[in-house]
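Remarks on the structure that follows.
Where a number appears in this text, it was derived from the coordinates with a stated rule and is not lab data. Since this is a predicted model, take the numbers as computed values, not measurements. Glycine also receives a Cβ, built like all others from the backbone with ideal geometry; neighbour counts cover every protein chain displayed.
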Amino acid sequence: MCFGTYYFLQAPPSITHPDVVRREIEQMVWTEALGFDSIWLTEHHFIDYGLSVSPAVLAAAAAMRTRRVRIGLAAAILPFHDPIRLAEELARQLAMHISFAAPEWTTRDDVPVATVETERGIVTNSDEVQSKPEAAREKIVDGMLAKRFFAATPGGVLVDQPWIHDPSKTVGQALEDAGASAARFTRVSVAG
């Protein structure tokens, strides 16, 4: 289980706006120091309820002061953003994921039937599965294929892999949340 912190950058009347931002960034540093897994930022405009008008800038400030914690955007006001730029940012994140996770196929439909059957046979005949009750083996095999083959990193199916930017989601879920999909990809590696 992963735990994170969520930042509105609320501005009570007794604190100046620069002090609010400074304090919140300091809390983001504490997030990592205290062992939390993520920092979530939101976006607000024209109100003191939240001073986070540019979450990307806040994310960059947090990234400069942390090393391990993941930084995500919990809310973005889409009409204030150029849709081409948002698409470009998602495409960059997807390219980073593909570069790191090295998927072999885009969707399960792209995996050759013979490859799936070979993997199914290996898993079915494993001691781990053979030691289970016969009535449960098919579901166990399906679960193991989903986790160890389709979602494998490296290898596996792109849309089934855990999204490197938020491992609580699959790539497919992250793309769906953004109103996008992956039709195909080509990964080129000069390192091997």
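Relative contact order for the chain: what percent, with Cα pairs under 8 Å and sequence separation of 6 or more?
Contact order relative to length: 16 percent.
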Open item on the list: For a protection proxy built on the mean count of beta-carbon atoms within 10 angstrom, sort 141-147, 10-16, 157-163, 26-32 highest first, please.
Closed with: 157-163, 26-32, 141-147, 10-16
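Hey, got a sec? Which trypsin sites (Lys or Arg not before Pro) in the range 1-97 land in a DSSP loop and have at most 15 other Cβ atoms within 10 Å? Please list the in-between numbers first.
Details: sites: ARG22, ARG23, ARG65, ARG67, ARG68, ARG70, ARG85, ARG92; in loops: ARG67, ARG68.
In loop regions of the range 1-97 (DSSP not H, G, I, E or B), the sparsely surrounded trypsin sites (Lys or Arg not before Pro) are ARG67, ARG68.
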TODO: Going by C-beta contacts inside 10 Å, put LEU90, LEU58 in order with the fewest on the left.
DONE: LEU90, LEU58
Task: Derived scalar couplings ³J(HN,Hα) [the range 93-103; Karplus, 6.51 cos²θ - 1.76 cosθ + 1.60; whole Hz; x for Gly, Pro] - done: 4, 5, 5, 4, 4, 4, 4, 7, 8, 6, x
Task: Calculated [θ] (222 nm, deg cm²/dmol) that DSSP helices of n ≥ 4 give over the chain, each run adding -39,500 (n - 2.57) - done: -13000 deg cm²/dmol
Task: Cα-based Rg / Dmax (Å) for the chain - done: 21.2, 68
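Among residues other than LEU86 whose Cβ falls under 13 Å from its Cβ, what is the net charge (Lys/Arg +1, Asp/Glu -1)?
Numbers: positive: ARG85, ARG92; negative: GLU43, ASP82, GLU88, GLU89, ASP177.
Once all neighbours under 13 Å are counted, the net charge is -3.
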Open item on the list: Just to confirm a number: summing +1 for Lys and Arg and -1 for Asp and Glu over residues other than PHE185 whose beta-carbon lies under 11 angstrom from that of PHE185, what do you get?
Closed with: 0
Task: Amide H within-cut-off set for HIS44, under 5 Å, with H built and near neighbours excluded - done: SER52, VAL53
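When each pair of different Cα atoms in the range 83-177 is counted once in the 1/r mean, what is the Kirkwood radius in angstroms, to one decimal? Please list the in-between numbers first.
Values: mean 1/r = 0.0690 Å⁻¹.
Averaging 1/r across every pair of different Cα atoms and inverting gives 14.5 Å.
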Task: Sequence-distant residues sharing a close amide H with ILE39 (under 5 Å, placed H) - done: THR5, ARG70, ILE71, GLY72
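Sort THR66, THR118 so the one with the fewest other Cβ atoms within 10 Å of its own Cβ comes first. Could the numbers behind the result be given before it?
Numbers: THR66 18, THR118 11.
Ranking THR66, THR118 by Cβ neighbours within 10 Å, fewest first, gives THR118, THR66.
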- [ ] Quick one: order HIS17, HIS97 by neighbouring beta-carbon count within 10 Å, fewest to most.
- [x] HIS17, HIS97
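If Lys and Arg each add +1 and Asp and Glu each add -1, what is the summed charge of the other residues whose beta carbon sits under 13 Å from the beta carbon of VAL111? All intermediate terms of the calculation are to be shown ahead of the outcome.
Details: positive: ARG108, ARG120; negative: GLU104, ASP109, ASP110, GLU117, GLU119, ASP160.
Summing Lys/Arg as +1 and Asp/Glu as -1 gives -4.
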TODO: Apply 1/(1 + (r/R0)^6) to the Cβ-Cβ distance of ASP142 and SER54, taking R0 = 41 Å, and write down the FRET efficiency to the nearest 0.05.
DONE: 0.35
TODO: Report the FRET efficiency, 1/(1 + (r/R0)^6), for ASN125 and VAL190, where r is their Cβ-Cβ distance and R0 is 35 Å, rounded to 0.05.
DONE: 0.40
TODO: Report P(r) for the range 4-80: all Cα-Cα distances, bin width 10 Å, range 0 to the bin holding the largest distance, values in whole percent.
DONE: 20, 54, 24, 2
Task: Hz values of 3J(HN,Hα) by residue in the range 143-155 - Karplus curve (6.51, -1.76, 1.60), Gly and Pro given as x - done: x, 5, 5, 4, 7, 9, 10, 5, 9, 4, 9, x, x
